[in-house]
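**Student:** Below you'll find the structure I mean.
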Amino acid sequence: MIELLKEPWPWYVSGPIIGISVPILLLIGNKMLGISSSLRHVCSAVAPFNIQFLKYNWKAEIWNLFFVGGILIGGFIGGVLLNNGEPVAISESTVKDIKAMGIQSFEGLVPSDLFSWKNILSLKGFLVMVVGGFLIGFGSRYAGGCTSGHAIMGLSSLQLASLVAVIFFFIGGLLMTHFIAPLIYQL
Amino acid sequence: MKNIKFMLVGIVFGTVLTKTEAVSWFRIQEMFRFQSFHMYGIIGSAVVVGIISVWLIKKLKLKSINGEEISIPDKQFNKGQIFGGTLFGMGWALSGACPGPMYGLVGAGYLPVLIVIASALLGTWVYSYFKPKLPH
């Protein structure tokens with residue numbers, strides 16, 4: 001059983017479990033799935049200053065911080081306890097394209113060529129980790145949600161605004177992947 | 001503790017995201033290059049299950065376990081979904097992670113991803129600061 005769980009989980013197992021979290025959160029607490037909100041709550045708790053958008057009772061939303069704390073623990077279970085030590089089974093053509101951008105490490109879930117402490121001092125590492133992270137935080141709040149809040153929760157409840165957001169997530173992602181990121185990864 | 005149940009849902013969510021490799025930079029590269037169905041299968045089947053369950057909750061007028069009416073407020077459309085959405089997508093593709101996977105990766109031991117989380121917090125704060133001046 002454990003050996004089976006250590007294999008990568010196929011989409012038709014993981015997707016439905018991710019989807020079922022939408023009604024579960026609604027039923028156990030009338031909560032809407034959304035992960036990027038946790039970043040706003042932390043900002044509100046730590047550095048609200050006099051910013052209108054950060055002046056609200058974040059403590060009323062503390063369930064969300066427990067939820068993302070759970071994701072962190074889940075990352076340990078899935079990424080450490082159930083780790084099978086195999087590289088991510090991406091397609092041959094992706095491997096080829098990634099190699100062509102100068103990435104050499106295919107160990108683990110993210111390439112160590114890009115993600116390491118010392119890389120923060122290089123332009124490439126700074127762009128990937130710091131600028132990338134900044135765009136994730138800035139963009140998700142500007143859009144009013146991220147992959148979970150818009151793509152999963154928003155589409156599940158047939159919100160037009162979320163469909164627009166998801167379309168633009170993909171436009172931004174495609175622009176980056178095909179035109180900008182290859183230049184950055186090759187720095 | 002009434003919040004522990006949310007943590008339990010998060011644990012399952014995080015385990016699934018990690019074991020299905022949705023947290024992986026490699027999978028995001030593959031998705032934006034249309035070289036595998038994997039990520040589309042995950043998002044697509046999650047949305048199908050979500051649509052059916054939200055429909056059922058509304059149809060059967062189910063209440064939450066506290067007896068509350070379940071309310072799903074409409075998300076209002078504004079230009080943020082266009083500008084912010086594009087910027088978010090660029091960050092998602094560049095770092096290969098969105099907010100859920102960032103947390104999952106740290107739990108899985110990829111500690112340099114803490115830099116990505118710290119930067120995302122900064123991005124959120126800067127957005128909050130400039131929100132009144134940005135087109136919405």
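**Student:** Please list, in order along the range B:6-12, the HN-Hα scalar couplings obtained from phi with the Karplus expression 6.51 cos²θ - 1.76 cosθ + 1.60 (θ = phi - 60°), rounded to whole Hz, x for Gly and Pro.
**Tutor:** 5, 5, 4, 4, x, 4, 5
**Student:** In addition: Along the three principal axes, how long is the protein assembly as shown when you take its alpha carbons, biggest first, rounded to the nearest angstrom?
**Tutor:** Principal-axis extents of the protein assembly as shown (Cα, largest first): 55, 53, 34 Å.
**Student:** Next question. In angstroms, what radius of gyration and Dmax does the range B:32-110 have, counting Cα atoms only?
**Tutor:** Cα-based Rg and Dmax for the range B:32-110 come out at 17.0, 46 Å.
**Student:** Say a paramagnetic label sat at a point 7 Å from the Cα of A:Leu187, along Cα to Cβ; which residues of the range B:72-102 have their backbone N under 14 Å from it?
**Tutor:** B:94-95
**Student:** Further question on the same structure: So what is the calculated 222 nm ellipticity per residue for chain B, using -39500 (n - 2.57) for each DSSP H run with n of 4 or more, over all residues, to the nearest 500 deg cm²/dmol?
**Tutor:** Numbers: 6 runs with 89 residues, N = 136.
After summing the helix terms and dividing by residue count, I get -21500 deg cm²/dmol.
**Student:** Is the range A:1-83 rounded, prolate or oblate when judged by the Cα gyration tensor, a ≥ b ≥ c being the square roots of its eigenvalues, rounded requiring a/c under 1.5 and prolate requiring a/b larger than b/c? The partial results should precede the final answer.
**Tutor:** Working: a/c = 3.34, a/b = 2.03, b/c = 1.65.
Judged from the Cα gyration tensor, the range A:1-83 comes out prolate (a/c at least 1.5, a/b above b/c).
**Student:** Does the range A:74-139 come out rounded, prolate or oblate by the C-alpha gyration tensor, with a ≥ b ≥ c the root eigenvalues, rounded set by a/c under 1.5 and, if not, prolate when a/b is larger than b/c and oblate if not? All intermediate terms of the calculation are to be shown ahead of the outcome.
**Tutor:** Values: a/c = 1.82, a/b = 1.22, b/c = 1.49.
Judged from the Cα gyration tensor, the range A:74-139 comes out oblate (a/c at least 1.5, b/c at or above a/b).
**Student:** Oh, and also: What does the C-alpha gyration tensor say about the overall shape of the range A:91-187? Classify as rounded when a/c is under 1.5, otherwise prolate if a/b is larger than b/c, or oblate. Write down the numbers at each step before the final one.
**Tutor:** On the way: a/c = 2.34, a/b = 1.76, b/c = 1.32.
Prolate.
**Student:** Please get the size of the charge dipole for chain B, origin at its Cα centre, with Cβ charges of +1 on Lys and Arg and -1 on Asp and Glu, quoted in debye to the nearest 20.
**Tutor:** Numbers: 13 positive and 5 negative charges, 67 e Å.
With Lys and Arg at +1 and Asp and Glu at -1, about 320 debye.
**Student:** Averaged across the residues of A:123-129, what count of C-beta atoms belonging to other chains lies within 10 Å of each residue's C-beta? Show your work: numbers first, answer last.
**Tutor:** Working: counts 0, 0, 2, 2, 2, 6, 11.
Partner Cβ neighbours, averaged per residue: 3.
**Student:** So what's the convex hull volume per residue for the Cα atoms of the range B:77-132, in Å³? Don't skip to the end; give the middle numbers.
**Tutor:** Working: hull volume 4.4 nm³, N = 56.
Roughly 79 Å³ of hull volume per residue.
**Student:** Based on DSSP H runs of at least 4 residues, each adding -39500 (n - 2.57), what is the mean residue ellipticity at 222 nm of chain A after dividing by all its residues, to the nearest 500 deg cm²/dmol? Before the final figure, lay out each step's value.
**Tutor:** Details: 8 runs with 91 residues, N = 187.
Calculated from helices alone, the mean residue ellipticity at 222 nm is -15000 deg cm²/dmol.
**Student:** Right, another one. Strictly over 22 Å apart at the Cα level, which of B:Lys2/B:Lys75; B:Lys5/B:Lys59; A:Lys96/A:Lys124 would you flag in this model?
**Tutor:** Values: B:Lys2/B:Lys75 27 Å; B:Lys5/B:Lys59 25 Å; A:Lys96/A:Lys124 20 Å.
Beyond 22 Å between Cα atoms: B:Lys2/B:Lys75; B:Lys5/B:Lys59.
**Student:** About its Cα centre, what dipole magnitude does the range A:1-83 give when the only charges are +1 on Lys and Arg Cβ and -1 on Asp and Glu Cβ, stated in debye to the nearest 20? If you can, show how the numbers build up before the last one.
**Tutor:** On the way: 5 positive and 3 negative charges, 74 e Å.
That gives the range A:1-83 a dipole magnitude of about 360 debye.
**Student:** Give me the one-decimal nm value for the distance between modelled label points at B:Ile65 and A:Glu86, 7 Å along each residue's Cα-to-Cβ direction.
**Tutor:** Spacing of the two 7 Å Cα→Cβ label points: 3.6 nm.
**Student:** Return the tail of the calculated pair distribution for the range A:126-165, meaning the percent of Cα-Cα pairs more than 12 Å apart.
**Tutor:** Numbers: 443 of 780 pairs.
When all Cα pairs of the range A:126-165 are counted, 57 percent exceed 12 Å.
**Student:** In Å and whole numbers, how far do the C-alpha atoms of the range B:22-78 stretch along each principal axis, longest first?
**Tutor:** Result for the range B:22-78: principal-axis Cα extents of 44, 27, 18 Å.
**Student:** Give, rounded to the nearest 20 debye, the magnitude of the charge dipole that the protein assembly as shown has about its Cα centre when Lys and Arg contribute +1 at Cβ and Asp and Glu contribute -1 at Cβ. Write down the numbers at each step before the final one.
**Tutor:** Working: 23 positive and 13 negative charges, 200 e Å.
Its charge dipole is roughly 960 debye.
**Student:** From zero outward in steps of 5 Å, how is the percent of C-alpha pairs of chain B spread across the bins?
**Tutor:** 2, 8, 12, 16, 18, 18, 16, 9, 2, 0
**Student:** For a 20 Å ceiling on Cα separation, which of these pairs sit above it: A:Lys31/B:Lys61; B:Lys79/B:Lys133; A:Lys31/B:Lys58? Can you show the working numbers first?
**Tutor:** Working: A:Lys31/B:Lys61 16 Å; B:Lys79/B:Lys133 13 Å; A:Lys31/B:Lys58 15 Å.
Result: no pair exceeds 20 Å.
**Student:** Please name which of A:Gly108, A:Ile120, A:Leu160 has its Cα lying farthest along the dipole of the range A:91-187 towards the positive end, using unit charges on Cβ (Lys, Arg +1; Asp, Glu -1) and the Cα centre as origin.
**Tutor:** Of the options given, the answer is A:Ile120.
**Student:** Based only on Cα atoms, what mean projected area does the convex hull of chain A have, in nm²? Could you put the intermediate results ahead of the total?
**Tutor:** Details: hull surface 52.5 nm².
One quarter of the hull surface, i.e. the mean projection, equals 13.1 nm².
Each value in this text was obtained by applying a stated rule to the coordinates, not by laboratory testing. As the structure is a prediction and not an experimental result, all values here were calculated from the model. Backbone-built Cβ (ideal geometry, glycine too); neighbour counts: all protein chains shown.
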